[in-house]
Amino acid sequence: MCPPEYYDVDYVINPWMEGNVHKSIRERAVEQWEKLYNIITQYATVELIKPQPGLPDMVFTANAGLVLGDKVVLSRFYHPERQPEEPFFKAWFEANGFTVYQLPKDLPFEGAGDALLDREGRWLWAGYGFRSELDSHPFLAKWLDIEVLSLRLIDSRFYHLDTCFCPLTGGYLLYYPGAFDSYSNRLIEMRVPPEKRIPIDEPDAVNFACNAVNINDVIILNKASATLEQRLREKGFQVIQTPLTEFLKAGGAAKCLTLRLTEPILETVHANEPIISRVVEMHGHLLDTGLMSQALDIIVSEGGSFKVLNFNLGVERQSPSSAQVRISAPSQEVMEDIISQLIDLGAVSLPQEEKDALLEVVDMDGVAPDDFYVTTIYPTEVRVKGKWIRVANQRMDAAIVVDDSQEEITASCKILRDLRVGDKVVVGVEGIRTVISPQSREERHKIQEFSFMSGGVSSERRVELLVEQIAWEMRHIRDRGGKVVVVAGPVVIHTGGADHLARLIREGYVQCLLGGNAIAVHDIEQAIMGTSLGVDMMKGVPVKGGHRHHLKVINMIRRAGGIANAVKQGILTKGIMYECVKNNVPFCLAGSIRDDGPLPDTIMDLIKAQEEYARLLKGTDLILMLSTMLHSIGVGNMTPAGVKMVCVDINPAVVTKLADRGSLESIGIVTDVGLFLSLLVQQLDKLAQGYQLTAR
Ligand code: ARG
């Protein structure tokens with residue numbers, strides 16, 4: 001232990017210290033520390049280290065290092081504020097006959113604060129996430145020759161493992177599950193049987209109940225609730241509470257204030273290879289496009305850690321950079337999660353360790369092997385028999401089926417329900433890469449800027465500028481015989497956009513319309529009755545009995561035998577659906593549980609509707625998504641990268657959700673959809689006039 005002569009809260013390096021700078025009372029701290037010291041000396045011999053001025057946190061000797069037998073792994077503090085403590089602890093260990101191991105520079109590890117031995121000596125629990133780096137764990141395993149189990153901390157209040165985790169005599173474990181990610185909780189549950197686990201709730205956790213000193217059957221801690229004390233007593237422990245509130249202000253309590261120098265060593269246990277690692281190579285505009293930081297973020301947020309082995313910075317604007325990054329993960333499972341996300345970013349594994357994709361055979365129709373690789377919208381290649389094969393029918397959320405029975409090997413995306421027994425499906429993450437050209441990364445970057453998603457709400461002028469570009473694009477697509485698909489919700493009608501959309505269809509700007517029952521019903525209601533959901537579209541006021549209008553209309557169309565027949569019979573004479581029929585623009589209406597009617601045209605078999613959507617979407621150049629989240633998401637899932645998307649909705653959340661599919665070629669516009677359509681039509685008119693002028 002280290003006497004609190006210079007103890008204070010001088011800086012903030014954990015959430016407990018916030019607001020507590022210089023708020024700790026020295027006399028009370030001394031009094032609390034002495035009480036703790038006196039209790040511990042009844043059960044153990046206590047050695048003291050001399051405190052140092054200017055090092056207030058040196059009282060927390062748990063962070064001096066990790067001791068096992070006569071070896072100690074010295075701490076490398078994460079925060080500069082505590083780094084000057086290192087030489088003092090080092091000197092003490094050396095003077096007391098310990099062999100001191102020191103981690104490489106810049107590889108933080110905070111000693112027994114983040115590494116706790118199983119009290120039976122069977123293994124070492126090691127924490128990471130805030131203060132200690134995952135990559136320090138293999139060193140612990142090697143130097144101390146012990147199995148290391150890595151646990152990831154995710155709640156910043158419990159930044160050290162000993163703040164939320166305390167192995168006890170007899171194989172018991174006192175811990176706060178909320179401080180760990182789900183993978184770590186599973187690991188704990190696998191190693192510690194239920195009758196040995198003592199999970200605590202947050203109220204005890206924030207009193208640092210887990211930060212306990214355990215000597216045989218005695219547990220010394222700051223504070224425990226009556227129920228917790230009772231539970232511990234039932235397991236045969238004696239609980240001694242001694243207030244350490246002054247030290248809580250710095251984020252520590254009983255256990256932090258001590259370092260155990262005698263830990264059990266089992267001759268029979270040995271090191272394991274706890275961490276797996278893998279090197280990936282990345283190319284492209286890694287910095288300009290933020291790709292590098294995205295990749296590193298993914299690694300850390302998924303629970304891994306990394307080391308950048310080398311980075312070749314492209315110095316000119318046009319020259320790409322390349323990097324090699326070594327990824328470490330506590331398990332194969334976590335590694336695969338990380339790698340699959342990096343594949344989506346376009347990071348590829350090193351050529352010399354390139355392997356063929358793993359294939360597993362489907363053993364049940366419509367069901368993939370458990371570990372199947374889930375596809376993205378990006379162009380993908382899989383390695384089969386040493387060759388990279390481009391995957392056909394690229395879409396999101398599908399499996400990749402490989403056919404290597406013929407000379408020419410093929411691969412294609414198949415959704416789960418289309419899988420058949422005998423299909424060979426790609427599993428795991430080996431031999432898969434996405435091919436995103438540096439150009440499209442560059443584009444992705446530009447578009448991000450351009451779609452002003454970050455600003456959330458678009459200013460009027462911004463909307464106008466975007467509409468100008470979209471109009472220009474649509475004009476070009478029409479001129480070259482391309483394909484524009486409109487996905488529309490009934491809001492188009494309610495906001496007065498029906499006439500505009502009808503005009504776009506009539507003038508050849510739209511090649512296909514996708515929606516649900518409602519867009520058609522309300523369009524037809526407006527065409528026949530002049531109302532939309534019972535509201536007079538000219539006067540903007542509800543019409544008496546208007547709420548029944550849409551049902552009347554559904555009934556009429558049902559009697560006519562469908563929309564096309566209603567047009568033929570002269571019942572339907574204008575509007576969006578009318579223009580579709582008149583101009584041979586195919587449409588598909590996908591049904592849902594809330595549909596009234598439905599119209600005879602609405603496909604209520606959703607599998608059929610999905611298939612029809614997918615069929616109609618083939619070869620699309622541009623998709624306009626107008627105020628319909630459900631149908632738009634459905635469309636997004638079926639569409640590969642490279643197809644331009646414009647998503648218009650008054651709700652920024654919807655726009656973000658849709659336009660942010662990796663932000664590739666998608667533009668989000670937060671505005672009233674009726675207004676958007678009116679601007680679009682105006683702009684197309686302007687362009688048309690311009691063309692006439694040049695023609696003349
Ligand atoms: N203020 C110290 C820090 O943030 C408290 C250390 C507590 N020690 C511990 N083993 N949890 O580093």
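The values are calculated or read from the model by the stated rules, or taken from the named source; none is laboratory data. As the structure is a computational prediction, the values presented were derived from the model and not from experiment. With ideal geometry, Cβ positions are generated from the backbone for all residues, glycine too; neighbour counts draw on all protein chains shown. Keep in mind that these areas ignore ligands, DNA and RNA; they rest on the heavy atoms of the full protein, side chains included. Shrake-Rupley method; radii C 1.70, N 1.55, O 1.52, S 1.80 Å.
Near Ile154, the amide H atoms lying under 5 Å from its own belong to Phe180, Asp181; only residues 5 or more places off or on other chains count, and H is placed 1.01 Å from N.
Determine the shape class of the stretch 96-184: with a ≥ b ≥ c the square roots of the Cα gyration tensor eigenvalues, call it rounded for a/c under 1.5, and otherwise prolate if a/b is greater than b/c, oblate otherwise. Verdict is oblate for the stretch 96-184.
Entry comment: accessible area of the chain is 44 Å² per residue, from protein heavy atoms only and a probe of 1.4 Å.
Can you list which of the GluC sites (Glu not before Pro) found in the stretch 319-410 are DSSP loop residues with at most 11 other C-beta atoms within 10 Å? Present the calculation step by step, with values, prior to reporting the outcome.
Working: sites: Glu333, Glu336, Glu353, Glu354, Glu360, Glu381, Glu407, Glu408; in loops: Glu354, Glu407, Glu408.
Counting only loop positions with at most 11 other Cβ atoms within 10 Å, the GluC sites (Glu not before Pro) in the stretch 319-410 are Glu407, Glu408.
Multiplying the residue separation of Glu468 and Leu687 by 0.36 nm and subtracting their alpha-carbon distance yields 77.9 nm. A crude spin-label estimate for the pair Asp418 and Lys544, with each label 7 Å from Cα along the Cβ direction, gives 5.5 nm.
Tell me, what is the FRET efficiency for Asp356 and Asn96 to the nearest 0.05, using R0 = 35 angstrom and their Cβ-Cβ distance as r?
Working: r = 55 Å, r/R0 = 1.58.
Plugging the Cβ-Cβ distance into 1/(1 + (r/R0)^6) gives 0.05.
For the chain, the longest principal axis of the C-alpha atoms and the axis of helix 86-95 are separated by about 40°. Taking trypsin sites (Lys or Arg not before Pro) across the stretch 300-396, the ones in a DSSP loop with at most 16 further Cβ atoms lying within 10 angstrom of their Cβ are Arg317, Lys355, Lys385.
Of the solvent-accessible surface of the chain, computed with a 1.4 Å probe and all protein chains present, 52% belongs to carbon and sulfur. For Tyr101, the residues 5 or more places off, or on other chains, whose built amide H falls under 5 Å of its own are Val72, Val73, Leu74. Compute the long axis of helix 673-695 from its Cα atoms, compare it with the longest principal axis of the Cα atoms of the chain, and write down the angle in degrees, 0 to 90, nearest 10. That works out to roughly 60 degrees. Taking every DSSP bridge with both residues inside the stretch 307-441, close to 95 percent are antiparallel. Taking 0.36 nm per residue of separation and subtracting the Cα-Cα distance, full extension of the segment from Arg317 to Lys552 would add 78.3 nm.
Going by accessible area, probe 1.4 Å, with all protein chains left in place, what is the ranking of Thr245, Thr45, Thr258, largest first? Let's see the in-between values first.
Values: Thr245 65, Thr45 125, Thr258 20 Å².
Highest to lowest solvent-accessible surface, that is Thr45, Thr245, Thr258.
Helical content alone sets the calculated 222 nm signal of the chain at -9500 deg cm²/dmol, taking -39,500 (n - 2.57) per DSSP H segment of four or more residues and averaging over every residue. Projecting the Cα atoms of Gly481, Phe306, Ile265 onto the dipole axis of the chain, where Lys and Arg carry +1 and Asp and Glu carry -1 at the beta carbon, places Gly481 farthest toward the positive end.
Near the amide H of Val510, within less than 5 Å, lie no amide hydrogens of residues on another chain or at least 5 residues away, with H placed in the peptide plane. Between Tyr43 and Ile593, the FRET efficiency estimated from the beta carbon spacing at R0 = 60 angstrom works out to 0.35.
So in the chain, what percent of DSSP beta bridges are antiparallel if you round to the nearest 5? Intermediate values should be presented prior to the final figure.
Values: 57 of 97 bridges.
Expressed as a percentage, antiparallel bridges in the chain total about 60.
Across the stretch 415-421, coupling constants 3J(HN,Hα) worked out from phi with the 6.51/-1.76/1.60 Karplus curve, θ = phi - 60°, read 6, 3, 5, 8, 5, 10, 3 Hz, and Gly and Pro carry x. Spin-label pair Glu5-Ser156: with each label point 7 Å from Cα along the Cα-Cβ axis, the two points sit 3.5 nm from one another.
Projecting the Cα atoms of Gly171, Ser132, Leu228 onto the dipole axis of the stretch 117-269, where Lys and Arg carry +1 and Asp and Glu carry -1 at the beta carbon, places Leu228 farthest toward the positive end. For the stretch 253-329, the list of GluC sites (Glu not before Pro) that fall in a loop by DSSP and count at most 12 other C-beta atoms within 10 angstrom reads Glu267, Glu316.
Counting only protein chain heavy atoms and rolling a 1.4 Å probe, the accessible areas of Thr434, Thr99 rank, largest first, as Thr99, Thr434.
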